[in-house]
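Visitor: If you scroll down you'll find the structure; I have some questions about it.
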Amino acid sequence: MEKEPSSSSDVSASNVGRVRNRRRANEVTTDGNKADGQTLLVSDRNKYKSMLIRTYSTVWMIGGFAFLVYMGHLYIWAMVVVIQIFMATELFNLLRKSSEEKQLPGFRLLNWHFFFTAMLFTYGRFLSRELVNTVSSDHLLYKLVSSLIKYQMFICYFLYISGFVWFILTLKKKTYKYQFKQYAWTHMILLTVFAQSSFTVANIFEGMFWFLLPASLIVINDIAAYLFGFFLGRTPLIKLSPKKTWEGFIGASVTTIISAFLLANVMGRSQWFTCPRKDLSTGWLQCDPGPMFKPEHYYLGDWAPQWFPWKEVFVMPVQWHALALGLFASIIAPFGGFFASGFKRAFKIKDFGDSIPGHGGITDRMDCQMVMAVFAYIYHQSFISPHNFSVDAILDQILRNLTYEEQRNLYEQLGEMLGNLCKADKLAACL
């Protein structure tokens, strides 16, 4: 008779222990040996099922991305903004504790206040010229937008300081540590995620080529690494990401570099990809592509063997630059994925989310893209974009810093100067 209570208590104790040890769906085991025992895709029994799910999701993503490329620059920018919001949501949720936030109403709203302040600052700097060009036909709207751009830095700073004061006023005695941890976590997200991915938008408006080629190379590298590792992977590459293999890494590197050279030739033939977008419209683009996208003749001569069918080739100068992008995409950009793998292991999760079947969350797919976007922007500004003052650069400064009356006064003074030059020198351009 006395054993029944003890047996029921044992059962309840075991149930409690079972509940306490239950792991979430995206949590990984802390036993390194067990994790390493199922590392390679070659020995994975369920690899064909996971490959089918992953392929299905990939086809949908590539199809949707191709549609947005067809629609134009503005739609791709909207896609980037949506991706940034999803990434921020996934990362904000990593350190949230429901028990703490019940005592802090409105604390999540503060995180998003900082996020959208950073968005306003970044895109205001990157897209000021395009925004002004879009509204230049409307005098009233033009003056309003010009004023907002002129004081944009002050507005963003005021918004940030208001968020800072808001944070101080919401501090509570029993949640100091949690609140400051969330404050630091929010700023890290803005720095490592939002700031980097915003370079993608700058690449888009410099010419879709400088966005599409780097992004495509990351996708090609990811797919090639998966396939080479799936069928040939035997040698583990790095402990942070146990399923990565040397065979997949080397095979993907060769595939990516060759693809970069060929894709640059294909994309460089379309003005839709090569012309920069100077406003926020969605119309068709026409421009002089410049020498970078004009094929140059190379005569192979004695360099080519007799059996080689081509004795001369035509190569765009941008194709040589594409090799540098391909090299970075295959050698350096994967370390963004390794960083994300180590980050996930630190938090004991498998994926950042589950929004993409077979891939995980949005952040899982954008880790390498962020690293590549920054490099593509810096490479373009360093080696492609002209370093001297151009008409577009001067006009950008005029539109950003001068009022409408000042711009009209400058126009009149330039007209007088040109008129005096014509009278004094009788320039042919004036005739």
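Visitor: Round to the nearest 10 and report in Å² the accessible area of residue 130, as given by a 1.4 Å probe over the protein chains' heavy atoms.
Guide: Probe radius 1.4 Å; accessible area of residue 130 about 10 Å².
Visitor: Alpha carbon centre of segment 183-208 versus segment 281-295: separation in Å?
Guide: The distance from the Cα centre of segment 183-208 to that of segment 281-295 comes to 26 Å.
Visitor: Rounded to the nearest 0.05, what FRET efficiency do residue 420 and residue 395 have when you use their Cβ-Cβ distance and R0 = 22 Å? Working shown, then result.
Guide: Values: r = 23 Å, r/R0 = 1.03.
Computed FRET efficiency for residue 420 and residue 395: 0.45.
Visitor: Using the Cβ atoms and a cut-off under 10 Å, what net charge is assigned to the surroundings of residue 333, where Lys and Arg are +1 and Asp and Glu are -1?
Guide: Net local charge, residue 333 excluded: -2.
Visitor: For segment 123-146 and segment 331-402, what is the centre-to-centre distance using only Cα atoms, to the nearest Å?
Guide: 26 Å
Visitor: Something else: Which order do you get for 52, 141 if you rank them by accessible area with a 1.4 Å probe, largest at the top? Show your work: numbers first, answer last.
Guide: On the way: 52 125, 141 75 Å².
Output order, biggest surface exposure first: 52, 141.
Visitor: Next question, about the same structure. For an R0 of 41 angstrom, estimate the FRET efficiency from the Cβ-Cβ distance between residue 405 and residue 170 and round to the nearest 0.05.
Guide: Calculated transfer efficiency: 0.35.
Visitor: Which FRET efficiency value, to the nearest 0.05, is calculated for residue 310 and residue 160 with the Förster distance at 56 angstrom and r the Cβ-Cβ distance?
Guide: 0.45
Visitor: If amide H atoms are built 1.01 Å from N in the plane of the peptide, which residues on other chains or at least 5 residues away come under 5 Å of the amide H of residue 349?
Guide: Correct list: 28.
Visitor: Then there's this: When ligands, DNA and RNA are left out and all protein chains stay put, how many square angstrom of accessible area per residue does segment 338-386 have with a 1.4 Å probe?
Guide: 44 Å²
Visitor: Right, another one. Would you mind classifying segment 149-257 by shape? Square roots of the alpha carbon gyration tensor eigenvalues, ordered a ≥ b ≥ c; an a/c under 1.5 is rounded, otherwise it is prolate if a/b is larger than b/c and oblate if not.
Guide: Oblate, since a/c reaches 1.5 and b/c is not below a/b.
Visitor: Evaluate the distance, in nm, between pseudo-label points positioned 7 Å from the Cα of residue 108 and of residue 147 along their respective Cα→Cβ axes.
Guide: 3.7 nm
Visitor: Run the simple label-point estimate for residue 191 and residue 323 please: 7 Å along Cα→C-beta, distance reported in nm.
Guide: Distance between the two pseudo-spin positions: 3.8 nm.
The values are calculated or read from the model by the stated rules, or taken from the named source; none is laboratory data. Just so you know, these numbers come straight off a predicted model, no measurement behind them. Cβ coordinates were reconstructed from backbone atoms using ideal geometry, including for glycine residues, and neighbour counts include every protein chain displayed. Just so you know, the surface numbers come from the protein's heavy atoms only, side chains and all, with ligands and any DNA or RNA stripped out. Shrake-Rupley method; radii C 1.70, N 1.55, O 1.52, S 1.80 Å.
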